[in-house]
Structure formats: structure tokens, C-alpha cells
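Please read the structure below before turning to the comments.
The values are calculated or read from the model by the stated rules, or taken from the named source; none is laboratory data. Note that the structure is a prediction, hence the values are computed from the model and not measured. Positions of Cβ are backbone-derived with ideal geometry, glycine not excepted, and every protein chain shown enters the neighbour counts. What goes into the accessible areas is simple: the full protein's heavy atoms, side chains included, and nothing from ligands, DNA or RNA. Shrake-Rupley method; radii C 1.70, N 1.55, O 1.52, S 1.80 Å.
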Amino acid sequence: MFALNEDQNAIREMAESFAAERLAPDAVRWDEEKHFPIDVMREAAALGMGGVYVSENVGGSGLTRLDAALIFEALARGCPTVSAYISIHNMSAWMIDRYGNDDQRRQWLPGLCSMDLLASYCLTEPGAGSDAAALKTRAVRAGDDYIVNGVKQFISGAGTSDLYVTMVRTGAEGAGGISTLVVDKDTPGLSFGAEERKMGWNAQPTRQVIFEDARVPVTNRLGDEGIGFRIAMAGLDGGRLNIGACSLGGAQAALERSLDYMRERKAFGRAIAQFQALQFTLADMATELECARTFLWRAAAALDAKTPDATRLCAMAKRIATDTGFDVANKALQLHGGYGYLADYGIEKIVRDLRVHQILEGTNEIMRMIVARDLIGR
């Protein structure tokens, strides 16, 4: 687990090449114009990145969680925002693959894997963020349909995505009353809020998803009633690895740009890369990234092996990778001095993009709670 095999190196090189050629050159412009590059994401899907760990018999690549971590880190070196959306799309597709029946898998997954269909994950609500089991969006059975009412908040891709994997309350309060519905964008009663104005992640839209007597077929439910919270949490184990990998990729790009800048930038008669204090900063940045990357791979291997401690390790990995990624990117901005604050250098965009990774897919405070509860319970 400390050395990649030939196939894994090829996967990483493929994703890195795609990121360098198709993401990095336009990343700053997409951020400034708030452009969601669907056409480019479909090019990534044509290379197998639309359904990385979805079964091959429905169009997926059938790869491992470690392979996925390599891919999302590599893509994030080009643009963390685009990589993060593709990771969320992958998480949603996997939930359908894992918990859907054969008809559902055949209906939705080929289009999701090609990214002809885009997917969003809908768990968070205005009053239920970290306390996800307190969600209020309710689905009431009416014959062959559910009538859904409620609001989801901070939904990536909302208004553009075609499918919304949505956690709804079909039963009593608490985690046991939650079910999962796949909601089509053309569902009557489904609408979207205004696009949010955000600190970062500007190359993907974020809106509320609003249900007002939305009629969703019962056949769109994943699994039985009452297992939705378990489905949501299972999806997040992998989602946390993915977003951690995105943080590492963005930070790695910031580190590499810092190295190039410091070799060229001169102060007091020599390149600033020759100043020992700054060399120590670079060494710490590289060391911290390598430590976080190694642990993320460890957690990904545990999730692939379905070990009993996989959820705890994924929470640990998410916390350490996203904290480290933001810290390294912030140090890279400091190393650039005033130039790091300018949009043209791309560093300030990485800092803005990576900051939200410490919040989404479960805040890093919640990651600590998951770890602590596992330790105490054990």
C-alpha cells in the first residue's frame, strides 16, 4: 500500500494529463465567469471518470476507492472545484449502483457514467446540517407516488443536474425514519433557489433544492423505507475520501507553483528559494502532504476491504487531508507574497476552493466526533 502498481500509475498519469490539458488552462477563467464546464466533464467521463467505482456492467469503470483517490487528487491539480463536483457525482452514482435494483441501475447508471446525466447529493437542509438525522423534508405515500415537501440546502450542481439523490423522511423522527429517493429534474413541484454567491467553488453552481408537493414515483426509492440514513452515510465514507483527495491535489498544485515561483523570484540579490527559512517551509509543506496522502491511501484500502474500522479511518483521513490541504495552500499564498493575492497566479483561487472542504461531507468537527465515538464505544 506504499507503492502504486503499474495500473495505478497509469490511472494517475491519465488523470494528471487530462487535468493539465483540459482543466488547468481555464480554471481561473471558469472561477471568474462562474462557468460550469459540463462539456469538459463529459470528456473526463469518456475516459472512465464518470463512474469510477460503479460496476462495469452498467457502464462504470469498476475501479477501487484507492484508484478513485488517485483520480480525484490528479484532477484537483487542474481545478479543485471541477474535481470536487465529479467526485460528488460519482458518490451519487455509486449509491444507485450499490442500493438500486436492476431496473434502477439500468435506467440511470449508463447515462450517469457517461455524464450525459449529472447527479447531485441532497442531504443537508437549512436546519439540518451536521445533525443530518434531524432532516425535515417529508415524503408521504400516496398510492404509487410519494408527495415530497421540504428544502435542501448547499446542493452542488442544483438546477443543472438531472438527478437528485435525496434523503427524505418517510417515517418517525430520527435516523430510522429516513428513506432515499432519486428525483428527476423535471418532476412537477421541484424547483431551485437562486445560485449562491460563494467564497470559492465558483465553477460549479450551488442552490437550494425545493420540493412543493413534488410527486415522485415509489419506484424511484433506493432500497426499503427506513434505510436512507444508512445509505447516506455509506455514500459519505467514500465521499470523504474523495474530497480529501481533492484537497491534496489542490495543495500539491499550490506547492509546485511555489517552487517554480521561488526559483525565479529574487530578493536581496538571490533567488528566494535559497533562503533557508523558506526552504524549511517548503519541506514542511511537502512532508505534511505526503503524510496526509499516505493516510488517505490507508483509509481507501480499508474501505475497499470493508474492514470494521473503515468509517473511522475515512473520517480521520478526511479531517487530516482537508486541514493539511488548506494549510499548505495558505502557506503557498504567503510564499508568493503580494503576487499570491492576485487572481492571475491562481493561488488565491486554490485557497478559496479548499477552504470549504473542511466543512462539507461532514465538518471536521463532526469527523472528530465520529472518531471519538468509535474509540469510546470500542
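Some observations on this one:
- Taking each residue of region 190-214 that is more than 19 Å from Gln358 (Cα to Cα) and looking for partners that are buried (at least 16 other Cβ atoms within 10 Å of the Cβ) and at pLDDT below 95 with beta-carbon atoms closer than 6 Å, six or more apart or interchain, yields nothing.
- The criterion of at least 2 residues that are among the small types (Gly, Ala, Ser) is met, among helices (runs of 4 or more DSSP H) falling completely within region 13-93, by 65-78.
- Within region 132-153, the set of residues being open to solvent by less than 50 Å² (accessible area, probe 1.4 Å) and not in a strand (DSSP E or B) comprises Ala132, Ala133, Ala134, Leu135, Thr137.
- In region 321-362, the qualifying residues are those that are of a type in the set (D, E, K, R) and out of contact with any Lys or Arg (no Cβ under 9 Å at 6 or more places or on another chain), and the one that is most open to solvent (accessible area, probe 1.4 Å) is Asp344.
- Region 256-277: number of residues that are surrounded by fewer than 18 Cβ atoms within 10 Å (Cβ to Cβ) and either closer than 20 Å to Arg77 by Cβ or among the hydrophobic types (A, V, I, L, M, F, W, C) (or both): 9
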